[in-house]
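First comes the structure, then the notes that go with it.
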Amino acid sequence: MVDNNAGHTIGQLRRGVVDHCVLALLKKGEGYGFDLAKTLAHAQLIAGEGTIYPLLSRLRREGLVDTQWRESDQGPPRRYYVLTESGEAALENFRSQWARFKQSVDTVMGLPEEDSHVE
């Protein structure tokens, strides 16, 4: 049996985790939209740059990220995104839930248990 819904399935999975992947990237340090989009696209978590800006706006409205405008040597000023305390708490909560969720799915799928470490 061929899964004709594979593209839809992976898209749903991506939508469920990409917000938290952005928060994880920002935990490493501030970033601006284009760089975040490149990193996420390279990891095949978003299709392209146009996807990131509505997501970042939503995270900002939810108080999970904050922004600062800075001059750039390479063109117009850039909006840099930083993780807020609320964003950090949301990320830690997700990491905890993700570890349990992944373990449950792996068990049901019959995948071997990994010696996983959650930061």
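Only the coordinates and a few stated rules stand behind these numbers; no lab work does. These numbers come from a predicted model, not from an experiment. All Cβ positions, glycine included, derive from the backbone under ideal geometry; neighbour counts span all protein chains shown.
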Computed Kirkwood radius, in angstrom, where 1/r is averaged over Cα pairs of the chain: 16.0
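Run the helix sum for the chain: -39,500 (n - 2.57) per DSSP H stretch of 4+ residues, divided by residue count, reported at 222 nm to the nearest 500 deg cm²/dmol.
Details: 4 runs with 71 residues, N = 119.
Mean residue ellipticity at 222 nm (helix-derived): -20000 deg cm²/dmol.
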Residues whose placed amide H lies under 5 Å from that of residue 46, excluding near-sequence neighbours: 41
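Let me check I've understood the local charge: for residue 90, count other residues with C-beta under 9 angstrom from its C-beta, Lys and Arg +1, Asp and Glu -1. What total comes out? Let's see the in-between values first.
Details: positive: none; negative: 19, 62, 88, 92.
Its environment carries a net charge of -4.
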